Each structure stands twice: as C-alpha cells, then as structure tokens.
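Here is the structure we will look at.
The values are calculated or read from the model by the stated rules, or taken from the named source; none is laboratory data. Quick caveat, the model's predicted, so the values are computed rather than measured. With ideal geometry, Cβ positions are generated from the backbone for all residues, glycine too; neighbour counts draw on all protein chains shown. Each accessible area value is taken on the protein alone, full model and side chains, heavy atoms only, with ligands, DNA and RNA left out. Shrake-Rupley method; radii C 1.70, N 1.55, O 1.52, S 1.80 Å.
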Amino acid sequence: QQQVRQSPQSLTVWEGETAILNCSYEDSTFDYFPWYRLFPGESPALLIAIRPVSNKKEDGRFTIFFNKREKKLSLHITDSQPGDSATYFCAARHVGDNSKLIWGLGTSLVVNP
Amino acid sequence: EAAVTQSPRNKVTVTGGNVTLSCRQTNSHNYMYWYRQDTGHGLRLIHYSYGAGNLQIGDVPDGYKATRTTQEDFFLLLELASPSQTSLYFCASSDIGGAYAEQFFGPGTRLTVL
C-alpha cells in the first residue's frame, strides 16, 4: 500500500499556466515533506520542502500548500516554463527519523511552449 | 555540496550474470542508499546503510545484496541478474546530523539485463 500518493500521474500544461501537483498521505507521524525534481537524464534533487507547522512554503515560482487536517499537500508551479518539464516526487519522513524517506510514485510534468 | 559518484554509468549483462554497481560519496555522510527508478514506480529503496559494515533492508531487496565497505563506498550486487532488474539505479547519501537529512543523489547507472 502506497503510503504517499501522488496525482495526477502525468500532467501537461501550456507555458505560463500554473501546474498543480497533488500529494496525500495517511500516516500522522509524518513530520516533513520534501519535493524532489528529476529532469530526464539527470539525478533527483531537492526542490522545496515543508513541515506541518506551516500551511504554506514559497520559493520563487514554487509554492507548497499544506492541509494538515485533510493530510494533503500540493505543489504549485506558477508561470510554468518548458524547462520545468520533469518528474516531481513528493516524499515524507517519519517524525524524528532521518534514516529514510517514504516516496510517492511521482508526477511527470510536461510544459508545452 | 555533497559529491556522489557512481560506476559504471551504463552496464549491459545477460540473464544469470553477476553485476556490481559502485557508489562513492566524499562528504562523510552517514547514510547511503540504493534506489531503482522505473517509470510508474517512482524511487524504490533497495538497501541502505548508516555506516561501514552496516546494512539495512529496504522495500524491494529481493535479488540484491549490498555492502558498505567504508564510510565512502557502498556497493550493490546482483549475483544472478534477471531481466526484471533492468532499471536506472541511483545511489544517494545524507547526513544524519542535518536537521532534515537532504538526500544527495549520484548520476545513476543504467543497467540492462538481456
């Protein structure tokens, strides 16, 4: 059973639009949610992350919105660019456990010019 | 910034073959990980380690062995490779002492089992 679920599996938007990538979970012991981005032919790298004490985290065009009550979060990419085309992974960490992350299956984003 | 290297970058073998994938990190991180990445399956954790001589079982360990010989070096062994193990393999490292233990990934090894 997937502990961290992502939707949609794939998403296509036009340049300039806002892409919305969703993530949900069941385990209340998760206390940290990083998003990693994987460009084709490259390695995953940390993009942005949030803790449940906040309901929003912003970094330039990337914003995480977090709803602790519903156990949902979403990554919004505003003014999407073709260079944002990548696979985005939502992950989670059990409270205080830095040993490993629980990964979602990823959302493949394509931004058309 | 953490430096994680992997070798080989590409490998082709036959069913039943013996393969060793190598990973080295040079930032003295405690944790090292082996993942496989397949479209539709995300990043799946095979094995991980918190130091030399230590091995922890991941989520998809069947058919894989691993060994952490030093703080820097972590190896993934496929002793009887099967076509189902054709995949892109990533190694990663993280510092347990960090607040949130960001994982730093190597460039990946693409393995094809014929």
Quick one: go through the stretch A:70-113 and flag any residue whose amide nitrogen is under 15 Å from the point 7 Å out along the Cα-to-Cβ line of A:Arg51.
A:93-98
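Please give the charge dipole size of the stretch B:4-94, origin at the Cα centre, charges +1 on K and R Cβ atoms and -1 on D and E Cβ atoms. Round to the nearest 20 debye. All intermediate terms of the calculation are to be shown ahead of the outcome.
Values: 7 positive and 6 negative charges, 31 e Å.
The dipole of the stretch B:4-94 has a size of about 140 debye.
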Skip the ligands, DNA and RNA, and give the accessible area per residue of the protein assembly as shown with a 1.4 Å probe, whole Å².
46 Å²
Hand me the GluC sites (Glu not before Pro) from the stretch B:1-107 located in a DSSP loop with no more than 14 other Cβ atoms within 10 Å, in residue order please.
B:Glu1, B:Glu79
In chain A, lysine pairs with alpha-carbon atoms under 17 angstrom apart (chain gap of 8 or more, or interchain):
6
Considering every residue in A:92-101, what mean count of other chain Cβ atoms within 10 Å of its Cβ is obtained?
5
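Just how large is the dipole of the stretch A:4-112 about the Cα centre, in debye to the nearest 20, putting +1 at every Lys and Arg Cβ and -1 at every Asp and Glu Cβ? Each step should come with its number before you reach the end.
Values: 12 positive and 12 negative charges, 81 e Å.
Once rounded to the nearest 20, the dipole reads 380 debye.
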The answer for A:Ser85, listing residues at least 5 apart or on another chain whose modeled amide H is closer than 5 Å to its amide H, is A:Val111
Could you point to the residue in B:His29, B:Ser84, B:Gln6 farthest towards the positive end of the stretch B:1-100's charge dipole, with +1 and -1 charges on the Cβ of Lys/Arg and Asp/Glu respectively?
B:Ser84
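Can you tell me the relative contact order of the stretch A:4-112? Whole percent, Cα pairs under 8 Å, sequence separation 6 or more. Walk me through the numbers before you get to the answer.
On the way: 269 pairs, mean separation 41.5, N = 109.
Computed over the stretch A:4-112, the figure is 38 percent.
Probe radius 1.4 Å, ligands and nucleic acids left out: can you give me the accessible area buried at the A-B interface, summed over both chains, in Å² to the nearest hundred?
Interface area, both chains combined: 1700 Å², rounded to the nearest 100.
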With Cα springs under 10 Å, the Gaussian network model of chain A assigns the largest mean-square fluctuation among A:Arg69, A:Arg51, A:Arg61 to A:Arg69
Sequence of A:Ile102, A:Ile64, B:Ile96 when ordered by accessible area, the most exposed leading, probe 1.4 angstrom:
B:Ile96, A:Ile102, A:Ile64
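State the volume of the convex hull built on the alpha-carbon positions of chain B, expressed per residue in Å³ and rounded to an integer. Write out the running numbers ahead of the final one.
On the way: hull volume 10.6 nm³, N = 114.
Cα convex hull per residue, to the nearest whole number: 93 Å³.
Which GluC sites (Glu not before Pro) from the stretch A:1-107 combine a DSSP loop assignment with at most 14 other Cβ atoms within 10 Å? If you can, show how the numbers build up before the last one.
Working: sites: A:Glu15, A:Glu17, A:Glu26, A:Glu42, A:Glu58, A:Glu70; in loops: A:Glu15, A:Glu17, A:Glu26, A:Glu42, A:Glu70.
Answer in residue order: A:Glu15, A:Glu17, A:Glu26, A:Glu42, A:Glu70.
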As straight-line cross-link partners of B:Lys65, the qualifying aspartates and glutamates (C-alpha separation under 16 Å, not fewer than 8 residues apart within one chain) are B:Asp73, B:Glu79
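Over all alpha-carbon pairs in chain A, figure out the percentage whose distance exceeds 25 Å.
Details: 1010 of 6328 pairs.
For chain A, the fraction of Cα-Cα distances above 25 Å is 16 percent.
Given R₀ = 35 Å, FRET efficiency for A:Phe65-A:Gln1 by Cβ-Cβ distance, to 0.05?
The calculated FRET efficiency here is 0.90.
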At a 1.4 Å probe radius, carbon and sulfur cover how many percent of the accessible area of the protein assembly as shown?
49 percent
Probe 1.4 Å, all chains present, heavy atoms only: A:Val110 accessible area in Å², nearest 10, is 60 Å²
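Suppose accessible area is computed on protein heavy atoms with a 1.4 Å probe; arrange B:Ser22, A:Ser80, A:Ser10 from highest to lowest.
Details: B:Ser22 30, A:Ser80 0, A:Ser10 80 Å².
The ranking, largest first, comes out as A:Ser10, B:Ser22, A:Ser80.
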Along its principal axes, what span do the Cα atoms of the protein assembly as shown show, with the longest given first and each in whole Å?
47, 39, 34
With all protein chains in place and a 1.4 Å probe, B:Thr70 shows an accessible area in Å² (nearest 10) of 50 Å²
